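This report refers to the structure that appears directly beneath it.
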Amino acid sequence: MKDYPGQIADLQLYYVETGTDITNEYGDIDERFYNSMESMLGSFCKQIQKHPVYYIKFRDRLINLEAACENIGWGYHDSVSDMIYELVESIDTG
């Protein structure tokens, strides 16, 4: 079986972007929903840390994601910001 790290990361990030868009369109959902998106973003970050060559492809989308979740509750924005910051730091120092 072939490994497709760029495509897997793309789908993972798309999941989080879509969940964020839905929240911004229809309002806050519940904690379980945000936990799911945070978990997926964590998986995305691990994928990119294993394959840092793909980071540049997703950089602008991560910046947009962080901005898009700014007013979302349940500590979601803080978690997203922290994960993105840690990813960038690991790429920059890696």
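If the condition is being buried (at least 18 other Cβ atoms within 10 Å of the Cβ) and over 16 Å from GLY19 (Cα atoms), then segment 55-82 contributes TYR55, PHE58.
Does segment 19-26 contain any residue that is part of a helix (DSSP H, G or I) and hydrophobic (A, V, I, L, M, F, W, C)? Within segment 19-26, one or more residues are part of a helix (DSSP H, G or I) and hydrophobic (A, V, I, L, M, F, W, C).
Taking the conditions exactly as written (modelled with pLDDT of 95 or more and either more than 12 Å from the chain's Cα centre (by Cα) or part of a loop (DSSP other than H, G, I, E, B) (or both)), does GLY6 satisfy them or not?
yes
All conditions in (1) surrounded by fewer than 17 Cβ atoms within 10 Å (Cβ to Cβ); (2) in contact with a Gly (Cβ under 9 Å, 6 or more places away or on another chain); (3) more than 21 Å from SER90 (Cα to Cα) hold for ILE29, with the sole exception of (1). If you go through segment 73-92 and keep only what is touching an Asp or Glu at 6+ places or on another chain (Cβ under 7 Å) and in a loop (DSSP other than H, G, I, E, B), you end up with GLY73, TRP74.
The values are calculated or read from the model by the stated rules, or taken from the named source; none is laboratory data. Keep in mind that what you see is a predicted model, and the values were worked out from it rather than measured. Glycine also receives a Cβ, built like all others from the backbone with ideal geometry; neighbour counts cover every protein chain displayed.
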